[in-house]
Amino acid sequence: MTSLYIARHGETQWNREGRLQGWTDAALTERGKAQAKSLGKRLKYISPKKAYISPLGRVKMTADIALDDLSIQVEEDERLKEINLGEWEGLKSKEAERRDPELYRKAIEEPHKYDPPWGEDYFDVKERVLEAVEDVLSKNVGENVLIVSHGVASKSILSHIEGRPMKNLREPPHLRECSLSHVRFEDGFEKLEEGEIIQFGDTEHLKSLDRGDHR
């Protein structure tokens, strides 16, 4: 059996401010660091053989904290980066909506029709992320393997395994910061479509933070 675990990075300052990040980085907040620490406690029970991560700083910091007590190899992969949002990066969501109302509407309501003049569309992200995941699983048949990435990138993987059409990509469930998803492949790994989603964006390990306990 092969198990794929997918984690999203912790909360950043731009997440808190409602700014669009894409390929631009913002530092983790103290809450984001606490989320990563809680994720790490859960990963101890999973014992992944290897971790593959986006090279963006917010993911690297999340992985550094979460994997601090685990002696596993970590490999960066450019294909696991978040969607490139071009000229929207750094803008608050409302600012992007006022600037490009129709394009923003497509991004949120009709992702299959989102066609920006810069950056990437959702199909671009899906293509490169799925290629990365297939490579990861092919190299780790029969193992527990971890990917640490971003919201849209991670949702693209899980939606593909679900068979969810692109037009429904933005529909719930949503992936919270430092959520953990689990996909199981019973007979090793041949293709992503054969995966069974055991957990989709699970946040059980973050409950103490939601209660205000940041220890």
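Any read-out appearing in this document is the output of simple, stated calculations on the displayed coordinates, not a laboratory observation. Quick caveat, the model's predicted, so the values are computed rather than measured. Here the Cβ positions follow ideal geometry from the backbone for every residue, glycine too, while neighbour counts run over all protein chains shown.
A compact table of results
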read-out: Region 144-191: number of residues that are assigned to a helix (DSSP H, G or I) and either more than 21 Å from residue 25 (Cα to Cα) or hydroxyl-bearing (Ser, Thr, Tyr) (or both); value: 11
read-out: Complete set of residues in region 26-68 that are buried (at least 21 other Cβ atoms within 10 Å of the Cβ), of a type in the set (Ser, Thr, Tyr) and closer than 18 Å to residue 15 by Cα; value: 54, 62
read-out: Residue among 70, 56 that is under 27 Å from residue 184 (Cβ atoms) and touching a residue at least 24 places away in the same chain (Cβ under 8 Å); value: 70
read-out: Residues that are closer than 22 Å to residue 22 by Cα and in contact with a Pro (Cβ under 7 Å, 6 or more places away or on another chain), drawn from region 123-169; value: 146, 166, 167, 169
read-out: Matching residues, region 153-174, being in contact with a helix residue (DSSP H, G or I) (Cβ under 6 Å, 6 or more places away or on another chain) and surrounded by fewer than 18 Cβ atoms within 10 Å (Cβ to Cβ); value: 167, 170
read-out: Any chance residue 44 is without any contact (Cβ under 8 Å) to a residue 40 or more places away in the chain, under 30 Å from residue 93 (Cβ atoms) and part of a helix (DSSP H, G or I); value: no
read-out: Scope region 137-152; condition surrounded by 13 or more Cβ atoms within 10 Å (Cβ to Cβ) and polar (S, T, N, Q); matching residues; value: 140, 144, 149
